Amino acid sequence: MAQRVVLGLDAGGTSTRCAAVSADGAALGYGRAPGANTFSGDDPAAALEQALRGALAGLDSADVAHAVFGLAGASTGGGARAAGIAQAAWDRIGLPGGPVVTDDIAVAFASGTSGGTGAVLIAGTGAVAARVTGGAVQSRCDGHGWLLGDEGSAVWLALEGLRAGLAALDGRGGPTSLHTRIAARLEVPAGDSAALVRAAHTCRPAELGELAPAVTAAAGEGDAAAERIVADAAQRLLCSLAAAAPDAADGPVVLAGSILEGVPVADAVPAGLLERGAGAPLRAVDGAFGAAGLALRASGAPRGAHAALLRRAAAADGRSGPRPVP
């Protein structure tokens, strides 16, 4: 008897991941590709296709029963464009039908819990907070993109670090190591503000986000300017979450994204949630498995398959399961 397969795909500004999963929640294949943000990605359809092919390697595409794609930008006026990009990638592989397209917010929530109600805070390349009810986004705050929002995100941290570094070089700001650290990552002279500006302006949003570790590392080593930026990032993220989900005790809070996985922001945000009266937040696993969990539920998979998938994904990542953040 042919094995029934569902696909889950999560596409953000930095990377695209796709998981092929059995009906009982066991991972069968996995693919990775560059970012596929529907607004800022270079070739989103090609990235989706690459991730899909990786996940389906060694599997029969005829066994695919259902698929859910979570695409960054799909819920900010780009739904039709996102659906078209997803279908184009799907058709290139020759799969029948088409995937269900949602945004990366619902997928992130489903990456931390198999329940349908709660809140999610995402801080990776971009940043957004949302209240989720019945598996769908009920309300949200921010996620407006690097130019207009995404406060507390990797890109936001990088831009604030650049501003602080340039202010120090200009004599407007206090001493900081940020211009030296960021210049090293951009491979320009540390004391050359013009070179730093030119290099920053050539970066795409995802590339700017890759500068964030320079800011968090400086904060971890006691750089006062970096410490202020990181503290501000945590507060802005908490404010977004409070706006999107005012009742902190109504369901679990899922944390997702690279900024909420590494110190020091990952320490400050859970502490802030506890002060608001929320329980210990849950940490999301890879978003591809959250999307696959949604696909399992939509395809009529056995009850508990989504939760089993999350437990397995967490164990493979060195954790015992989607769990409270310490």
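The values are calculated or read from the model by the stated rules, or taken from the named source; none is laboratory data. None of the values given here were measured: they were computed from a predicted structure. Don't worry about glycine lacking a Cβ; one is built from the backbone with ideal geometry, like all the others, and counts go over all protein chains shown. Ligands, DNA and RNA are stripped out before the accessible areas are found, and what is left, the full protein with its side chains, is counted by its heavy atoms. Shrake-Rupley method; radii C 1.70, N 1.55, O 1.52, S 1.80 Å.
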* Given (1) crowded, with 21+ Cβ neighbours inside 10 Å; (2) among the hydroxyl-bearing types (S, T, Y); (3) at pLDDT below 95, number of the condition S153 does not satisfy -> (3)
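Considering each of R303, R297 in turn, give the residue that is among the basic types (K, R), touching a residue at least 24 places away in the same chain (Cβ under 8 Å) and over 24 Å from E151 (Cα atoms).
Values: R303 fails: touching a residue at least 24 places away in the same chain (Cβ under 8 Å).
Being among the basic types (K, R), touching a residue at least 24 places away in the same chain (Cβ under 8 Å) and over 24 Å from E151 (Cα atoms) holds for just one of R303, R297, which is R297.
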* Structure fact -> Given (1) crowded, with 23+ Cβ neighbours inside 10 Å; (2) modelled with pLDDT of 90 or more, G118 misses just (1)
* Structure fact -> Over the range 79-98, the set of residues in contact (Cβ under 8 Å) with a residue 24 or more places away in the chain, open to solvent by less than 40 Å² (accessible area, probe 1.4 Å) and part of a helix (DSSP H, G or I) is A82, I85, A86, A88, A89, W90, I93
* **Scan of the range 121-144 for residues that are surrounded by fewer than 24 Cβ atoms within 10 Å (Cβ to Cβ) and of a type in the set (V, I, T), ordered by number** => T133, V137
* To do: For the range 254-268, name all the residues that are in contact (Cβ under 8 Å) with a residue 60 or more places away in the chain and open to solvent by 10 Å² or more (accessible area, probe 1.4 Å).
  => A256, G257, S258, I259
* Structure fact -> Of (1) open to solvent by 10 Å² or more (accessible area, probe 1.4 Å); (2) in contact (Cβ under 8 Å) with a residue 24 or more places away in the chain; (3) on the phi < 0 side of the Ramachandran plot; (4) not polar (S, T, N, Q), L147 fails just (2)
* Can you name the condition, by its number, that A298 falls short on among (1) open to solvent by 50 Å² or more (accessible area, probe 1.4 Å); (2) touching a helix residue (DSSP H, G or I) at 6+ places or on another chain (Cβ under 9 Å)? -> (2)
* Asked: Hey, does the range 175-186 have a residue that's buried (at least 17 other Cβ atoms within 10 Å of the Cβ), small (G, A, S) and part of a helix (DSSP H, G or I)?
  -> yes
* **Matching helices (runs of 4 or more DSSP H) fully within the range 260-317 where at least 2 residues are under 19 Å from D24 (Cβ atoms) and of a type outside the set (A, V, I, L, M)** => 287-298, 305-316
